[in-house]
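Encoded as structure tokens, the structure appears first; notes follow it.
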Amino acid sequence: MDTLFSPLETGALALPSRIVMAPMTRSRAIGGVPNDVMATYYAQRASAGLIVTEGVAPVPDGLGYARIPGLWSDEQVEGWRRVTDAVHAAGGRIAAQLMHVGRIAHELNLPEGARIVAPSAVTAAGQMYTDEKGPQPHGEPVALDAAAVEEAIDGFVRAARHARQAGFDAIELHAANGYLLEQFLSPHTNRRDDDYGGDIEGRIRFVVETAKRTAAAIGADRVGIRLSPYNTFNDMRLYDDVDSTYVALAKALGEIGLLYVHLVLTPDERAPSTARRVAEAFGGTVILNGGFDRERAEATLAAGDADLVAFGRPFIANPDLVARFRSGDPLAEPDPSTFYSPGPEGYVDYPSAGEAR
Ligand SMILES: Cc1cc2nc3c(=O)[nH]c(=O)nc-3n(C[C@H](O)[C@H](O)[C@H](O)COP(=O)(O)O)c2cc1C
């Protein structure tokens with residue numbers, strides 16, 4: 001029977017445990033370039049079975065939040081190389097989460113020349129933080145035309161290659177939480193009448209093509225994907241055929257042979273049954289995430305509902321989370337006021353259990 005401490009060989013990865021560090025934006029990448037404090041942060045957490053980084057923008061248009069990193073320039077590749085070297089030197093494994101924010105953006109957060117893009121020109125309700133003016137309403141997106149759709153996919157492919165150049169073991173396509181890839185999946189945000197919209201086959205096409213082409217570039221055994229059926233975060237809405245959309249998508253992703261599907265369990269009561277159907281249709285390695293503690297994770301693995309469990313917030317305040325799960329040491333609580341603040345406070349200053357004693 002699998003436990004949190006069972007090793008797992010999957011795709012190109014050999015993982016020493018089933019404990020994944022979930023992707024978390026921490027907004028320390030001033031100017032969109034990874035730095036030494038980030039290398040320290042990730043290296044402190046290298047005992048995770050697998051680290052998935054914070055969302056990383058594949059192209060300038062994808063960088064909608066303040067101080068998040070990218071992966072399109074030489075300087076960014078070099079910055080990430082210092083991060084992956086530090087993690088590998090500490091014995092870890094690390095995947096880059098490629099996150100194109102699409103319409104979840106504000107002009108003030110975008111680099112020079114970038115624009116807010118989406119499948120259709122549907123502005124997201126709600127606000128986002130900017131360093132210059134504090135919280136601001138989301139900007140109005142431009143609908144991607146046919147050529148720009150292909151360019152956006154090419155951007156993911158280039159970033160996947162850059163990720164390998166920078167020493168990442170894998171990439172994770174962020175098709176969850178209301179960002180560009182999920183914006184294509186939902187009829188609320190995707191109102192296109194070309195090949196990339198309309199019925200289920202049309203709405204999943206952008207995600208499937210992105211998965212196919214990044215897999216062709218760096219190997220399907222190094223491309224994972226994150227999905228969040230029934231997500232309503234970032235002004236996403238529920239729709240009638242959520243279950244069949246994700247089952248069709250999972251089947252197509254399974255045919256490509258992707259490294260894993262990483263499912264975020266949303267609070268919707270239908271989420272667990274859809275997760276099981278997605279896992280079955282995909283047929284490969286499954287990561288589950290969302291509000292897990294050690295006990296529930298062990299029960300989930302024992303029941304065969306997941307191969308790996310990802311922990312987000314617990315990794316913020318417990319760099320040695322794996323050791324604490326083993327020893328039974330109590331977990332420290334993270335301080336939400338420093339989740340997205342610039343600088344090292346609340347980032348690299350959480351001690352391990354041994355240091356705290
Ligand atoms: C500070 C913070 C930043 C996050 N940033 C991302 C992100 O960049 N990409 C992503 O897919 N999820 C992101 N998430 C969601 C987490 O990956 C995870 O799904 C969520 O925290 C629930 O898991 P948990 O209960 O183990 O924390 C973020 C969560 C937090 C708390």
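The values are calculated or read from the model by the stated rules, or taken from the named source; none is laboratory data. Source: prediction; values computed, not measured. Cβ atoms come from the backbone with ideal geometry, glycine included; neighbour counts cover every protein chain shown.
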Inset, instruction - From (1) within 14 Å of the ligand (Cβ to nearest atom); (2) at negative phi; (3) surrounded by fewer than 20 Cβ atoms within 10 Å (Cβ to Cβ), pick out the condition that doesn't hold for Gly291. - result: (2)
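I'd like the full set of residues that are among the small types (Gly, Ala, Ser) and more than 12 Å from the ligand (Cβ to nearest atom), limited to segment 63-76. Full working, then the answer.
Here is the first cut: in segment 63-76, the ones among the small types (Gly, Ala, Ser) are 64, 66, 70, 73.
Of everything in segment 63-76, those that are among the small types (Gly, Ala, Ser) and more than 12 Å from the ligand (Cβ to nearest atom) turn out to be Ala66, Gly70, Ser73.
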Legend entry - Sole residue being buried (at least 24 other Cβ atoms within 10 Å of the Cβ) and within 23 Å of Gly284 (Cα to Cα), chosen from Leu180, Leu249: Leu249
Inset, instruction - Mind listing whichever residues of segment 173-219 are out of contact with any Ser or Thr (no Cβ under 7 Å at 6 or more places or on another chain), part of a helix (DSSP H, G or I) and farther than 21 Å from Gly64 by Cβ? - result: Glu201, Gly202, Arg205, Val208, Glu209, Ala211, Lys212, Arg213, Ala215, Ala216, Ala217, Ile218
Inset, instruction - Tally the residues that are touching an Asp or Glu at 6+ places or on another chain (Cβ under 8 Å) and hydroxyl-bearing (Ser, Thr, Tyr), restricting the search to segment 28-52. - result: 1
Inset, instruction - Hey, can you tell me all the residues within segment 110-152 that are within 15 Å of Asn190 (Cβ to Cβ) and either in contact (Cβ under 8 Å) with a residue 60 or more places away in the chain or in contact with a Cys (Cβ under 6 Å, 6 or more places away or on another chain) (or both)? - result: Val117, Ala118, Pro119, Ser120, Val122, Ala124, Ala152
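Give the residue, chosen from Ala332, Ala306, Ala297, Ala275, that is touching a Leu at 6+ places or on another chain (Cβ under 7 Å), part of a loop (DSSP other than H, G, I, E, B) and within 15 Å of the ligand (Cβ to nearest atom). Lay out the reasoning, then the answer.
Details: Ala332 fails: touching a Leu at 6+ places or on another chain (Cβ under 7 Å); Ala297 fails: part of a loop (DSSP other than H, G, I, E, B); Ala275 fails: part of a loop (DSSP other than H, G, I, E, B).
It is Ala306.
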Inset, instruction - Among residues belonging to segment 111-164 that are out of contact with any strand residue (DSSP E or B) (no Cβ under 6 Å at 6 or more places or on another chain) and assigned to a strand (DSSP E or B), point out the one that is surrounded by the most Cβ atoms within 10 Å (Cβ to Cβ). - result: Ala118
Inset, instruction - Within segment 224-237, identify whether any single residue is crowded, with 21+ Cβ neighbours inside 10 Å, among the small types (Gly, Ala, Ser) and closer than 19 Å to Ile51 by Cβ, and answer yes or no. - result: yes
Inset, instruction - Just give me the residues in segment 314-328 being free of Cβ contacts under 8 Å to residues at least 60 places away in the same chain and closer than 22 Å to Ala90 by Cα, in sequence order. - result: Pro314, Ala317, Asn318, Arg324, Ser327
Inset, instruction - Working carefully through the options Gly102, Gly64, Gly92, find the one that is in contact with a strand residue (DSSP E or B) (Cβ under 8 Å, 6 or more places away or on another chain), part of a loop (DSSP other than H, G, I, E, B) and more than 21 Å from Phe233 (Cα to Cα). - result: Gly92
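Mind checking which residues of segment 5-20 are hydrophobic (A, V, I, L, M, F, W, C) and either buried (at least 19 other Cβ atoms within 10 Å of the Cβ) or within 17 Å of the chain's Cα centre (by Cα) (or both)? Working first, answer last.
First, pick out the residues of segment 5-20 that are hydrophobic (A, V, I, L, M, F, W, C): 5, 8, 12-15, 19-20.
Hits for segment 5-20 are Leu13, Leu15, Ile19, Val20.
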Inset, instruction - Test Gly79 against the stated conditions and say whether it is more than 16 Å from the ligand (Cβ to nearest atom), at positive phi and surrounded by fewer than 24 Cβ atoms within 10 Å (Cβ to Cβ). - result: no
Inset, instruction - Looking only at segment 256-283, count how many residues are touching a residue at least 60 places away in the same chain (Cβ under 8 Å) and under 14 Å from Ala306 (Cβ atoms). - result: 3
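Return yes when Thr266 is within 16 Å of the ligand (Cβ to nearest atom), of a type outside the set (Lys, Arg), more than 24 Å from Tyr42 (Cβ to Cβ) and touching a Ser or Thr at 6+ places or on another chain (Cβ under 8 Å) and no when it is not.
Working: within 16 Å of the ligand (Cβ to nearest atom): yes; of a type outside the set (Lys, Arg): yes; more than 24 Å from Tyr42 (Cβ to Cβ): yes; touching a Ser or Thr at 6+ places or on another chain (Cβ under 8 Å): yes.
Spelling it out, Thr266 is indeed within 16 Å of the ligand (Cβ to nearest atom), of a type outside the set (Lys, Arg), more than 24 Å from Tyr42 (Cβ to Cβ) and touching a Ser or Thr at 6+ places or on another chain (Cβ under 8 Å).
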Inset, instruction - Give Asp243, Asp305, Asp335 a once-over and let me know the one that is at pLDDT 95 or above and exposed (fewer than 15 other Cβ atoms within 10 Å of the Cβ). - result: Asp335
Inset, instruction - Just give me the residues in segment 276-323 being more than 23 Å from Arg222 (Cβ to Cβ) and hydroxyl-bearing (Ser, Thr, Tyr), in sequence order. - result: Thr300
Legend entry - Filter result (of a type in the set (Ser, Thr, Tyr) and either within 17 Å of the chain's Cα centre (by Cα) or away from the ligand (no atom under 13 Å from the Cβ) (or both)) within segment 21-61: Thr25, Ser27, Thr40, Tyr42, Ser47, Thr53
